[in-house]
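Colleague: One structure, as structure tokens, below. Some questions next.
The values are calculated or read from the model by the stated rules, or taken from the named source; none is laboratory data. Here the structure is a predicted model, which means the values were calculated and not measured. For neighbour counting, all protein chains shown are included, and Cβ atoms are generated from backbone atoms with ideal geometry for every residue, glycine included.
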């Protein structure tokens, strides 16, 4: 069964307190604005993951909190400490561990993990080329796996969408 994987990098975090541990950094004002745009996008596109796995970092949990109103009440949400700073190998192993009956999952994590996983899973194409240079904060990649979760491997997904806050805000942003 094919599945849909949504990879969301947390929204822009604040560096106001340089002494704050990385894990504890909250969202910046710009991050709050990006979440509002992203929430509207999720609603408009009918993006309704069955499962959300979110890093335990403050900024990822705040990103989740701000997009949560766009998610169905039936969406299962889990905060997963292993996603904080996870490498592409750890993230791919996590994807492979998902139950094959699950139709869609959203991972909310960090750079470079979200970027690297998108590039690893996506087959070559124009949209993948667009992602290659940068995966901005609050960017969302949508991947349609051509395999089961357990068989996910490099090149086994089609990158069907890639949105950024700047793109969602329009040309004047």
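Colleague: The conditions are (1) without any contact (Cβ under 8 Å) to a residue 40 or more places away in the chain; (2) within 23 Å of residue 164 (Cα to Cα); (3) in contact with a strand residue (DSSP E or B) (Cβ under 8 Å, 6 or more places away or on another chain), and residue 76 fails exactly one of them. Which is it?
Modeller: Unmet for residue 76, out of (1) without any contact (Cβ under 8 Å) to a residue 40 or more places away in the chain; (2) within 23 Å of residue 164 (Cα to Cα); (3) in contact with a strand residue (DSSP E or B) (Cβ under 8 Å, 6 or more places away or on another chain): (2).
Colleague: Sort out which residues of the stretch 132-143 are without any contact (Cβ under 8 Å) to a residue 12 or more places away in the chain and buried (at least 16 other Cβ atoms within 10 Å of the Cβ), and write them in order of number.
Modeller: Matches in the stretch 132-143: none.
Colleague: Among (1) within 28 Å of residue 30 (Cα to Cα); (2) touching a helix residue (DSSP H, G or I) at 6+ places or on another chain (Cβ under 7 Å); (3) surrounded by fewer than 18 Cβ atoms within 10 Å (Cβ to Cβ), where does residue 129 come up short?
Modeller: Single failed check for residue 129: (2).
Colleague: Now for a separate question. Take residue 119 and tell me if it is surrounded by 15 or more Cβ atoms within 10 Å (Cβ to Cβ), touching a helix residue (DSSP H, G or I) at 6+ places or on another chain (Cβ under 6 Å) and either in contact (Cβ under 8 Å) with a residue 12 or more places away in the chain or on the phi > 0 side of the Ramachandran plot (or both).
Modeller: no
Colleague: Taking the condition of being surrounded by fewer than 23 Cβ atoms within 10 Å (Cβ to Cβ), over 23 Å from residue 133 (Cβ atoms) and either in contact (Cβ under 8 Å) with a residue 60 or more places away in the chain or within 14 Å of the chain's Cα centre (by Cα) (or both), how many residues in the stretch 83-94 meet it?
Modeller: Residues in the stretch 83-94 being surrounded by fewer than 23 Cβ atoms within 10 Å (Cβ to Cβ), over 23 Å from residue 133 (Cβ atoms) and either in contact (Cβ under 8 Å) with a residue 60 or more places away in the chain or within 14 Å of the chain's Cα centre (by Cα) (or both): 2 in total.
Colleague: In addition: Return the only residue of 68, 50, 2, 44 being within 28 Å of residue 99 (Cα to Cα), surrounded by fewer than 22 Cβ atoms within 10 Å (Cβ to Cβ) and at pLDDT below 95.
Modeller: Working: 68 fails: at pLDDT below 95; 50 fails: at pLDDT below 95; 44 fails: at pLDDT below 95.
Criteria check complete, one pass: 2.
Colleague: Quick check on this structure: which one of 109, 113 is out of contact with any strand residue (DSSP E or B) (no Cβ under 8 Å at 6 or more places or on another chain) and buried (at least 19 other Cβ atoms within 10 Å of the Cβ)? Reasoning before the result, please.
Modeller: Working: 109 fails: out of contact with any strand residue (DSSP E or B) (no Cβ under 8 Å at 6 or more places or on another chain).
Of the residues listed, the single one that is out of contact with any strand residue (DSSP E or B) (no Cβ under 8 Å at 6 or more places or on another chain) and buried (at least 19 other Cβ atoms within 10 Å of the Cβ) is 113.
Colleague: Might you let me know whether the stretch 144-155 holds any residue that is in a strand (DSSP E or B), surrounded by 13 or more Cβ atoms within 10 Å (Cβ to Cβ) and touching a residue at least 24 places away in the same chain (Cβ under 8 Å)?
Modeller: First, pick out the residues of the stretch 144-155 that are in a strand (DSSP E or B): 144-145.
Then keep just the ones that are surrounded by 13 or more Cβ atoms within 10 Å (Cβ to Cβ); that gives 144-145.
This time we only want the ones that are touching a residue at least 24 places away in the same chain (Cβ under 8 Å), so: 144-145.
So far as the stretch 144-155 goes, yes, one or more of its residues are in a strand (DSSP E or B), surrounded by 13 or more Cβ atoms within 10 Å (Cβ to Cβ) and touching a residue at least 24 places away in the same chain (Cβ under 8 Å).
Colleague: Going by the conditions given, is residue 20 modelled with pLDDT under 95 and either in contact with a strand residue (DSSP E or B) (Cβ under 8 Å, 6 or more places away or on another chain) or surrounded by fewer than 19 Cβ atoms within 10 Å (Cβ to Cβ) (or both)?
Modeller: Values: modelled with pLDDT under 95: yes; either in contact with a strand residue (DSSP E or B) (Cβ under 8 Å, 6 or more places away or on another chain) or surrounded by fewer than 19 Cβ atoms within 10 Å (Cβ to Cβ) (or both): yes.
For residue 20, the condition - modelled with pLDDT under 95 and either in contact with a strand residue (DSSP E or B) (Cβ under 8 Å, 6 or more places away or on another chain) or surrounded by fewer than 19 Cβ atoms within 10 Å (Cβ to Cβ) (or both) - is met.
Colleague: Can you tell me how many residues in the stretch 4-24 are in a loop (DSSP other than H, G, I, E, B) and closer than 25 Å to residue 42 by Cα? Steps first, please.
Modeller: First pass over the stretch 4-24, keeping only residues in a loop (DSSP other than H, G, I, E, B): 10-12, 14-21.
Checking the rest, the ones that are also closer than 25 Å to residue 42 by Cα come to 10-12, 14.
So the answer is 4.
Colleague: Of the conditions (1) at pLDDT below 95; (2) assigned to a loop (DSSP other than H, G, I, E, B), residue 138 clears all except one; give me its number.
Modeller: (1)
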